[in-house]
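Novice: This structure is in structure tokens; I'll ask about it shortly.
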Amino acid sequence: MRPLTLTAAATIPITEAARLMQQHSLSALFIGSPDRLEGVVTDLDLRNRCLAAALSPATAIKSIMTLNPLTIERSASVNEALYLLSSHQINHLAVVEQGQLCGMITSLDLLRLQSDHPLYLTVDIGRCQSHHELITLAQRLPKLQSQLTLFGHSAEHIHQTMTLLSDAITRQTLSLTLQQQGEAPTAWCWICGGSQARQEQLTYSDQDNALIIADGASESDLNWFQHFATTVNQHLAQCGYPLCSGRVMAQHRPWCRTLTSWQRQWQQWLTAPTLHSVAVAVNLLDARPLAGDLTLFESVWSPLSRDIARQERFLRYLAAHAVTCRPPIGFFRQLVVMGEGEHAEELDIKQGALIPLVSLARHRALALALAPLPPSTLNRLRQCESAGQLNREESIELQQAFHFVAKLRLRHHAQQIANAQPVDNFINPNHLSRWEMQHLKEIFLTLRQWQSQLSQHYSVAELS
């Protein structure tokens with residue numbers, strides 16, 4: 001609990017409330033008086049109800065506050081606080097003693113009490129002395145992801161947290177494997193791709209990775225690295241990150257190359273693109289170095305953002321790839337679900353919404369030679385807005401769409417983890433509220449419009 005007696009009058013302007021929160025490092029401000037709380041305003045309220053709604057900052061704070069904030073007695077147990085926060089899907093509780101405000105407790109406070117807090121887990125990961133220890137520790141990650149979802153953390157925060165842990169597990173797996181296999185014969189760099197590179201990874205996400213090996217490596221050296229990568233990939237799979245069905249992993253020779261070989265491969269992908277080659281290359285258009293000699297990564301990937309923006313033909317094929325996953329919305333605005341089989345009456349939220357969003361943001365950023373690191377979808381959208389290629393309204397609309405769809409997916413995963421079911425991305429629209437279903441339809445329609453614009457601009461239909 002954080003000791004707190006500060007309150008604010010309901011009539012103060014929003015700017016004054018924001019100043020108080022900044023001055024006292026608060027994520028929430030209680031409105032009223034210590035003995036009579038009228039409402040509460042959180043940092044999310046300032047973003048969603050003020051900034052996103054284009055509300056004047058001179059407006060009275062009462063216009064965006066949540067009425068009658070929940071309170072808990074100072075003598076209550078941690079479990080009681082956890083129950084209130086989770087059952088009401090809120091992140092802040094006013095702590096009272098004899099009817100007077102005396103403090104505040106947040107979902108983050110409770111999370112810090114758990115042994116599964118990310119900071120504790122990253123330390124524990126670095127202390128693992130064997131692959132068995134690491135595999136055992138990784139089994140705690142699904143529970144953590146569910147807790148973060150239950151506590152109402154943003155999708156962006158959950159993605160970053162789970163990726164932070166995935167990065168730590170990958171680095172420790174590399175370290176333990178090197179201890180077993182011996183010193184590498186030459187310099188190398190392990191890179192991750194896909195959702196891990198974008199810092200959007202969740203538990204049970206499959207692997208996308210590759211190896212860059214210093215020039216001059218012999219065939220024997222390449223065999224050593226392939227054996228090394230195979231061992232790493234297998235151990236990561238045991239930690240809960242499945243092997244990639246598309247074989248985009250360092251254990252396979254196309255993804256385990258010398259520096260010069262990688263440079264030649266990218267030159268071929270950029271200058272002689274095909275629908276197939278772009279579908280392969282896209283796996284590492286989102287890439288991030290994790291371990292080894294990072295200068296090897298810089299030598300290959302740093303020039304790419306500039307080179308890609310100059311390759312109109314490659315961008316055209318990349319546009320074609322970006323519109324391959326179509327949002328499941330019909331001509332009459334009805335959701336299109338699976339007709340039969342295991343997922344009858346369900347739709348794939350990843351294929352139907354997340355991948356189109358990721359692909360559109362990627363194409364926009366690469367066409368502008370923007371290269372945020374990490375290359376997250378939200379970072380790319382923000383950079384496109386800063387570059388003037390998206391107006392403020394478009395940027396907010398797409399960012400909010402990403403947050404909404406990602407939270408639906410996280411909530412679905414949390415339910416499956418709680419029920420000890422295999423995790424997938426198929427949701428039943430009939431289980432959504434009326435507002436959620438309507439909002440999902442609007443997102444699908446928006447994505448269809450963006451895909452249509454991209455297709456027309458690059459004459460994608462002529463490529464098929």
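Novice: Could you please find all residues in the range 271-316 being part of a loop (DSSP other than H, G, I, E, B), crowded, with 19+ Cβ neighbours inside 10 Å, at pLDDT below 95 and not charged (D, E, K, R)?
Specialist: Leu285 - this is the single residue of the range 271-316 that is part of a loop (DSSP other than H, G, I, E, B), crowded, with 19+ Cβ neighbours inside 10 Å, at pLDDT below 95 and not charged (D, E, K, R).
Novice: Would you confirm whether or not the range 238-245 contains a residue that is under 18 Å from Val278 (Cα atoms) and either out of contact with any Lys or Arg (no Cβ under 7 Å at 6 or more places or on another chain) or among the β-branched types (Val, Ile, Thr) (or both)?
Specialist: yes
Novice: Take the residues in the range 387-411 that are closer than 25 Å to Arg316 by Cβ and among the polar types (S, T, N, Q), then tell me which one is nearest to the chain's Cα centre (by Cα).
Specialist: Ser395
Novice: Does any residue of the range 219-229 turn out to be without any contact (Cβ under 8 Å) to a residue 24 or more places away in the chain, farther than 27 Å from His132 by Cα and surrounded by fewer than 21 Cβ atoms within 10 Å (Cβ to Cβ)?
Specialist: For the range 219-229, residues without any contact (Cβ under 8 Å) to a residue 24 or more places away in the chain, farther than 27 Å from His132 by Cα and surrounded by fewer than 21 Cβ atoms within 10 Å (Cβ to Cβ): present.
Novice: Would you point out the residue of the range 119-174, among those that are of a type in the set (Asp, Glu) and more than 18 Å from Glu200 (Cα to Cα), that is modelled with the highest pLDDT?
Specialist: Of the range 119-174, the ones of a type in the set (Asp, Glu) are 124, 133, 156, 167.
From what's left, more than 18 Å from Glu200 (Cα to Cα): 124, 133.
Details: Asp124: 87, Glu133: 95.
This residue is Glu133.
Novice: So, in the range 372-393, how many residues would count as being among the hydrophobic types (A, V, I, L, M, F, W, C) and in a loop (DSSP other than H, G, I, E, B)?
Specialist: 3
Novice: Before we move on, is His403 more than 30 Å from Phe297 (Cα to Cα) and out of contact with any Ser or Thr (no Cβ under 8 Å at 6 or more places or on another chain)?
Specialist: So His403 fails the test.
Novice: From the set of residues in the range 125-143 that are over 20 Å from Val232 (Cβ atoms) and touching a residue at least 40 places away in the same chain (Cβ under 8 Å), which is surrounded by the most Cβ atoms within 10 Å (Cβ to Cβ)?
Specialist: Filtering the range 125-143 for residues that are over 20 Å from Val232 (Cβ atoms) and touching a residue at least 40 places away in the same chain (Cβ under 8 Å), the one surrounded by the most Cβ atoms within 10 Å (Cβ to Cβ) comes out as Pro142.
Novice: Answer with yes or no whether Thr122 is more than 17 Å from Thr231 (Cα to Cα), buried (at least 21 other Cβ atoms within 10 Å of the Cβ), touching a residue at least 40 places away in the same chain (Cβ under 8 Å) and assigned by TED's automatic domain parsing to the domain that holds Cys244.
Specialist: no
Yes/no per residue for (1) without any contact (Cβ under 8 Å) to a residue 12 or more places away in the chain; (2) under 27 Å from the mean Cα position of the chain (by Cα); (3) under 19 Å from Gly152 (Cα atoms):
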| site | (1), (2), (3) |
| --- | --- |
| Arg47 | yes, yes, yes |
| Leu51 | yes, yes, no |
| Ile61 | no, no, no |
| Arg74 | no, no, no |
| His88 | no, yes, yes |
| Val96 | no, no, no |
| Cys102 | no, no, no |
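Novice: Here is a further query. Hey, among Pro327, Pro422, which residue is over 17 Å from the mean Cα position of the chain (by Cα), part of a loop (DSSP other than H, G, I, E, B) and modelled with pLDDT of 95 or more?
Specialist: Only one candidate qualifies: Pro327.
Novice: Could you list all residues from the range 342-383 that are surrounded by 23 or more Cβ atoms within 10 Å (Cβ to Cβ) and free of Cβ contacts under 8 Å to residues at least 24 places away in the same chain?
Specialist: Selection gives Ala365, Arg380, Leu381.
Novice: Something else about it: Collect the residues in the range 2-25 that are under 22 Å from Leu110 (Cα atoms) and β-branched (Val, Ile, Thr), keeping them in residue-number order.
Specialist: Across the range 2-25, the qualifying residue is only Thr5.
Novice: For Val40, indicate whether it is more than 22 Å from Phe404 (Cα to Cα), at pLDDT 90 or above and touching a Lys or Arg at 6+ places or on another chain (Cβ under 6 Å).
Specialist: no
Novice: Looking only at residues that are in contact with a Leu (Cβ under 8 Å, 6 or more places away or on another chain) and either at pLDDT 95 or above or among the hydrophobic types (A, V, I, L, M, F, W, C) (or both) in the range 384-402, which one is surrounded by the most Cβ atoms within 10 Å (Cβ to Cβ)?
Specialist: Leu398
Novice: Of the residues that make up the range 409-419, is at least one within 19 Å of Thr149 (Cβ to Cβ) and among the charged types (D, E, K, R)?
Specialist: yes
Novice: Moving on to the next point. State which residue is farthest from His159 (Cα to Cα) when the search covers only the range 425-459 and only residues that are in a loop (DSSP other than H, G, I, E, B) and free of Cβ contacts under 8 Å to residues at least 60 places away in the same chain.
Specialist: Ser433
Novice: Could you say which residue among Thr186, Thr203, Thr173, Thr260 is under 29 Å from the mean Cα position of the chain (by Cα), surrounded by fewer than 23 Cβ atoms within 10 Å (Cβ to Cβ) and either β-branched (Val, Ile, Thr) or not assigned by TED's automatic domain parsing to the domain that holds Asn379 (or both)?
Specialist: Answer to the check: Thr203.
The values are calculated or read from the model by the stated rules, or taken from the named source; none is laboratory data. Remember, predicted model here, so these are calculated numbers, not experimental data. FYI the Cβ positions are ideal-geometry reconstructions off the backbone, even for glycines, and counts take in every protein chain you see.
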